[in-house]
Amino acid sequence: MRRFLFSIAITLVVATNAAAQQYPIKPVRMIIPFPPAGPTDIFGRMTADILSKTYSQQFIPDNRAGAGGNIGTEQCAKSPPDGYTICIATVSLSIAPALFSKLAFDPIKDFTHVTLIAKVPSLLTVHPAFPAKTVKDIIALAKARPGQLSYASTGNGTSPQMLMELFKSMTGTDIVHIPYRGQAPAVVDQISGQVQLAFNTAIGVMPLIHAGKLRAVAVSTRERFPAIPELPTVDEAGVKGFDGASWHGLVMPAGVPQEIVDRIYMPVVIALKTSAMKDHLLKNGALAGGSTPAEFSSFIKSETAKWTKVAQFAKIKVD
């Protein structure tokens, strides 16, 4: 019996390895959990194009928007772990557990983490006439006028709100949240001076900064943003340890064989490491990723822990 079971196990291993070496033998579904034309859609289609050209097989983008990305992400988590469903994950994957009391997936247990595609830094912006010129000035002004300054976000539980709440928790300041339905109306009110502060994605406000309609004070990531190298980070400006950004990565359902993960991981990372891709992403306000699966898994764990603390501090709940 032992020999029989051992022979079956060997047969299964050989069959799995053979299937992985032939993968993909049919079209692969690429779930994009947000609507077309947005940043997540752009990164998803870019990745699908890389893989389609690598394997001469269709990687088909499938936009499944809704519930802040939760609908498409849940579909990914519940798909068979055969390599024929891939999902673009965003920072919302690590924020969602803190916001929703009933969530149909676990960001750690229910996914195979493949690689970080890109980080999208945010810029701490103010109106050009705002008296505070530096991060330390903003902190001093906010402490002198508690509850009198306001900040704009793209909605409850979104990255701009979480970044500012992280800022508040680390600086002991009281700044009032004004949620909007999207970045465009939030920026309009900031330009008019109705709200004083905001963490806006670099890609969304760089033209306004160059035009003098907004002033950038600092960048949200631990590293400086190469497109504006003179701009200090929030960490450098005095809030030690501050680090946050929107991000996009590649995940698959939990349990996908490592051989298949490697066949997805390698061509994507090779593309992300090229100078041409790095320059292309930088021009569009993003920093190229390319982490290993283990590094990406650790990153998601740390992100989930960080945003859970922020949500608890700010008492943020969506449902």
Checklist outcome for this item: Computed over the chain: longest principal axis from alpha-carbon atoms vs helix 39-55 long axis, angle to nearest 10 degrees, is 30
Item to check | Sorted largest first, extent of the stretch 239-298 alpha carbons per principal axis (Å) | outcome: 40, 30, 14
Checklist entry - Cα convex hull of the stretch 125-263: mean projected area in nm², to one decimal? => result 10.2
Checklist entry - Using a Gaussian network model of the chain with C-alpha springs under 10 Å, which one of Val261, Val234, Val188 is most mobile by mean-square fluctuation? => result Val188
Checklist entry - Residue-wise, which Karplus ³J(HN,Hα) couplings in Hz belong to the stretch 222-231, taking 6.51 cos²θ - 1.76 cosθ + 1.60, θ = phi - 60°, and x for glycine or proline? => result 5, 9, 5, 8, x, 6, 9, x, 7, 7
Next on the checklist: Looking at the chain as a GNM with Cα springs under 10 Å, which of Pro81, Pro146, Pro293 has the largest mean-square fluctuation?
Outcome noted: Pro146
Checklist entry - Got a sec to turn the phi values of the stretch 238-245 into Karplus ³J(HN,Hα) couplings, 6.51 cos²θ - 1.76 cosθ + 1.60 with θ = phi - 60°, whole Hz, x for Gly and Pro? => result x, 9, 4, x, 5, 7, x, 6
Checklist outcome for this item: Here the FRET efficiency for Lys143 versus Lys317, based on Cβ atoms and R0 = 25 Å and rounded to 0.05, is 0.40
Checklist entry - In degrees between 0 and 90, to the nearest 10, how far off the longest principal axis of the chain does helix 183-192 point, with axes built from Cα atoms? => result 10
Next on the checklist: Rounded to whole Å, give me the distance from the Cα center of the stretch 32-95 to that of the stretch 234-253.
Outcome noted: 21
Item to check | Of Lys136/Lys309; Lys273/Lys301; Lys143/Lys306; Lys53/Lys306; Lys213/Lys315; Lys273/Lys317, those spanning more than 27 Å from alpha-carbon to alpha-carbon | outcome: Lys53/Lys306; Lys213/Lys315; Lys273/Lys317
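Among bridges DSSP assigns within the chain, what percent are antiparallel (round to 5)? Present the calculation step by step, with values, prior to reporting the outcome.
Details: 23 of 38 bridges.
Among the beta bridges of the chain, antiparallel pairing accounts for roughly 60 percent.
Compute the convex hull volume of the Cα atoms of the chain, divide it by the residue count, and report the result per residue in Å³ as a whole number. Numbers along the way, then the final one.
Working: hull volume 43.6 nm³, N = 319.
With only Cα atoms used, the chain gives 137 Å³ per residue.
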Checklist entry - Counting only heavy atoms of protein chains, what accessible area per residue, in Å², does the stretch 35-81 have with a probe of 1.4 Å? => result 49
Checklist outcome for this item: So the carbon and sulfur contribution to the accessible area of the stretch 223-319, 1.4 Å probe, in percent, is 57
Checklist entry - Going by alpha carbons, how many degrees (0 to 90, nearest 10) lie between the helix axis of 258-272 and the longest principal axis of the chain? => result 40
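Determine the per residue accessible area of the stretch 164-287 with all protein chains present and a 1.4 angstrom probe, expressed in square angstrom. Could the numbers behind the result be given before it?
Numbers: 5210 Å² over 124 residues.
The answer is 42 Å² per residue.
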Checklist entry - Considering the stretch 133-191, what Rg and Dmax in Å follow from its alpha-carbon atoms? => result 11.5, 30
Checklist entry - Under the Karplus relation 6.51 cos²θ - 1.76 cosθ + 1.60, θ = phi - 60°, what is the ordered set of whole-Hz ³J(HN,Hα) values for the stretch 143-154, x standing for Gly and Pro? => result 6, 6, 10, x, x, 9, 8, 10, 10, 9, 9, 8
Checklist entry - To one decimal place, what Kirkwood hydrodynamic radius in Å is obtained for the stretch 191-233 from all pairs of distinct Cα atoms? => result 11.1
Next on the checklist: How large is the Rg to Rh ratio of the stretch 164-220 when both quantities use alpha carbon positions and Rh follows Kirkwood?
Outcome noted: 0.95
Item to check | Nearest-20 debye value, the chain charge dipole, Cβ charges on Lys, Arg, Asp, Glu | outcome: 220
Checklist entry - Arg64 accessible area, nearest 10 Å², 1.4 Å probe? => result 100
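The values are calculated or read from the model by the stated rules, or taken from the named source; none is laboratory data. Just so it is clear, the structure is predicted and the values come from calculations on it, not from any experiment. Positions of Cβ are backbone-derived with ideal geometry, glycine not excepted, and every protein chain shown enters the neighbour counts. When the accessible area is computed, the model is the full protein with side chains, heavy atoms only, and any ligands, DNA or RNA have been set aside. Shrake-Rupley method; radii C 1.70, N 1.55, O 1.52, S 1.80 Å.
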